[in-house]
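The values are calculated or read from the model by the stated rules, or taken from the named source; none is laboratory data. Just so you know, these numbers come straight off a predicted model, no measurement behind them. So basically every Cβ, Gly included, is an ideal-geometry build from the backbone, and we count neighbours across all protein chains shown. Heads up: the accessible areas ignore ligands, DNA and RNA and are worked out on the full protein's heavy atoms, side chains in. Shrake-Rupley method; radii C 1.70, N 1.55, O 1.52, S 1.80 Å.
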Amino acid sequence: MSSYLFASSPCSVSRFSLLLGSSLPFFGIKSSAPRFTRLRHTAKSWAHLWTRSSSKLFSALSSPPPAYDDVIMLGIETSCDDTAAAVVRGNGDILSQVVSSQADLLSRYGGVAPKMAEEAHSLVIDQVVQRALDDAKLTGNDLSAVAVTIGPGLSLCLRVGVQKARRLAGVFNLPIVGVHHMEAHALVARLIERNLQFPFLALLISGGHNLLILAHKLGHYLQLGTTIDDAIGEAYDKTARWLGLDMRKGGGPALEELALEGDANSINFSIPMRQHKDCNFSYAGLKTQVRLAIESRKISMEHNPISLANLDDRRSRADIAASFQRVAVLHLEERCQRAIEWALKIEPSIKYLVVSGGVASNKYVRARLSHVVENSGLELVCPPPSLCTDNGVMVAWTGIEHFLLGRFDPPPPADEPEDAMFELRPRWPLGEEYSQGKSEARSLKRARVFPSLTSMIQGSVQN
């Protein structure tokens, strides 16, 4: 049974680095419709947005333009295990935010089961989107466009959100914006922090991703580091399951809570990849160390909930949790410190480090990274926890930023068949890899990877 978590915020901002240029097709369906479709609720003064002059694509205005109150974007997110939708105005007002959690499924299966997650999305997607519209006191006729995550993520899950977005956009003749999930995590910080202008550095940390990027401009990113195996969020979840924690609240929050009871220096876990002087991450080895520590303390990793543990057993588990968290975050600190040094050499004007993604909700992570940032003379920007985990607001906001550049697809056909083929991007890099950041320890596992969002946009400009 999925549970709804509702949040609404009066947060209002009026700021963009507005860029001009040609549109970027996000879906792989061929259409003869013009790329520049008439936008609803737009002032005549926006006519300059429809220029096809690609040479102006990365010409940012020096100051924020006036509030675009009339832009209303619906954002839909189904890339993994949460079904989310939100409605956001162009000035930053969050009109509604709805999330249907799959926490019960995560607890039952010990992680994300793609087929089960797809079915859960399908069961609630209509209700989640309708509630987002109802809470905003709007209908599809009031929307300017629909934004939806098209990657990266689980293909089965992405498809549910994209199909819903295309049905709605087709019925109401709305443009549609395909959104990169990780870009959305980075850009939502621009909704809550008025002064956050490009360029900036971002650390994106979640269950499936560890990513350090230098954001030059909207749609132009340089990847300084990524994970070569497991992400920090996956390591948190796995450790939490091994320790018998209640996964219904999420492995990360459960482990963070238990770690408060433990001695973080009780176990001397090794910090990953210290011999590699780059910005890449690895958590597979740390997971192995944790498993061995659990086994050495005779803690059963199967059917042994912490609620049944005696005092000594609970203390032992708390020590493991605290020691794991200390080393896992130290790895983040060291990589961020190096990334800041690299970024300042490339873009000396950088003032901010954005930390976003589900793991950015962790108070210990925020506190430790705040010290790194302060020592480097930068400012730390972390979205509130409700905007760090997967949500529709970040998708809607990212959709707005690209929409105002003319980067959108025309409305899908109202009678588009259910089995219509369209392109999803489950493995989709955000930026081009920094040459100095290539790791000798990189995993050799490869699957089909789409060209990065940055290269796609730059290719569109060149064409």
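Tabulated values for the structure
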| read-out | value |
| --- | --- |
| Selection count, the range 131-151, where residues are assigned to a loop (DSSP other than H, G, I, E, B), more than 24 Å from Gly406 (Cβ to Cβ) and not basic (Lys, Arg) | 2 |
| Scope the range 343-365; condition without any contact (Cβ under 8 Å) to a residue 40 or more places away in the chain and either at positive phi or surrounded by 15 or more Cβ atoms within 10 Å (Cβ to Cβ) (or both); matching residues | Leu344 |
| Top-ranked residue of the range 143-162 - restricted to ones that are over 26 Å from Thr454 (Cβ atoms) and open to solvent by less than 50 Å² (accessible area, probe 1.4 Å), ranked as farthest from the chain's Cα centre (by Cα) | Leu143 |
| So Pro66, is it open to solvent by 60 Å² or more (accessible area, probe 1.4 Å) and at pLDDT below 50 | yes |
| Lone unmet requirement of (1) outside any strand (DSSP E or B); (2) open to solvent by less than 10 Å² (accessible area, probe 1.4 Å); (3) more than 16 Å from Leu158 (Cβ to Cβ); (4) of a type outside the set (Lys, Arg) for Leu201 | (1) |
| Residue that is open to solvent by less than 30 Å² (accessible area, probe 1.4 Å), hydroxyl-bearing (Ser, Thr, Tyr) and under 24 Å from Tyr364 (Cα atoms), where the choices are Ser270, Ser282 | Ser282 |
| Sole exception among (1) surrounded by 19 or more Cβ atoms within 10 Å (Cβ to Cβ); (2) without any contact (Cβ under 8 Å) to a residue 24 or more places away in the chain for Thr288, by number | (1) |
| Exclusive hit being closer than 24 Å to Tyr283 by Cβ and modelled with pLDDT under 95, set Glu341, Glu334, Glu302 | Glu302 |
| Search result, residues across the range 318-358 that are within 24 Å of Glu183 (Cβ to Cβ) and among the small types (Gly, Ala, Ser) | Ala339, Ala343, Ser349, Ser356, Gly357, Gly358 |
| Subset of the range 379-421 that is among the aromatic types (Phe, Trp, Tyr) and more than 13 Å from the chain's Cα centre (by Cα) - its residue that is nearest to Ala189 (Cα to Cα) | Phe403 |
| Where a residue in the range 331-342 is under 14 Å from Asn210 (Cα atoms) and its partner, wherever it lies, is part of a helix (DSSP H, G or I) and open to solvent by 50 Å² or more (accessible area, probe 1.4 Å), with Cβ under 6 Å and at least six apart | Glu333/Arg368 |
| Single residue of Leu224, Leu168, Leu174 found to be in a loop (DSSP other than H, G, I, E, B) and aliphatic (A, V, I, L, M) | Leu174 |
| Of all residues making up the range 253-267, the number that are part of a helix (DSSP H, G or I) and either open to solvent by less than 20 Å² (accessible area, probe 1.4 Å) or farther than 21 Å from Leu203 by Cα (or both) | 5 |
| Yes/no for Val88 being within 30 Å of Asn210 (Cβ to Cβ) and part of a strand (DSSP E or B) | yes |
| Where Ser370 falls short, out of the listed (1) surrounded by fewer than 21 Cβ atoms within 10 Å (Cβ to Cβ); (2) under 25 Å from Arg248 (Cα atoms); (3) in contact with a Leu (Cβ under 7 Å, 6 or more places away or on another chain); (4) not acidic (Asp, Glu) | (2) |
| Checking Ser452 against (1) modelled with pLDDT of 90 or more; (2) open to solvent by 10 Å² or more (accessible area, probe 1.4 Å), the condition it does not meet | (2) |
| Every pair of residues 6+ apart whose Cβ atoms lie under 8 Å, when the first sits in the range 80-95 and is more than 15 Å from Leu387 (Cα to Cα) while the second is open to solvent by 30 Å² or more (accessible area, probe 1.4 Å) and assigned to a strand (DSSP E or B) | Arg89/Leu95 |
| Total residues in the range 189-198, condition basic (Lys, Arg) and either part of a loop (DSSP other than H, G, I, E, B) or in contact with a Pro (Cβ under 6 Å, 6 or more places away or on another chain) (or both) | 1 |
| Filter result for Leu218 (touching a His at 6+ places or on another chain (Cβ under 8 Å), of a type outside the set (Phe, Trp, Tyr) and crowded, with 23+ Cβ neighbours inside 10 Å) | yes |
| Residue match in the range 400-413 (condition: open to solvent by less than 30 Å² (accessible area, probe 1.4 Å), of a type in the set (Phe, Trp, Tyr), in contact (Cβ under 8 Å) with a residue 12 or more places away in the chain and closer than 30 Å to Gly252 by Cβ) | no |
| Selection status of Ala322, touching an Asp or Glu at 6+ places or on another chain (Cβ under 8 Å) and of a type in the set (A, V, I, L, M, F, W, C) | yes |
| Cβ-Cβ under 7 Å pairs, at least 6 apart or on other chains, the range 301-317 side free of Cβ contacts under 8 Å to residues at least 40 places away in the same chain, far side open to solvent by 40 Å² or more (accessible area, probe 1.4 Å) | Ser316/Arg297 |
| Qualifying positions in the range 321-338 - basic (Lys, Arg) and under 20 Å from the mean Cα position of the chain (by Cα) | Arg335 |
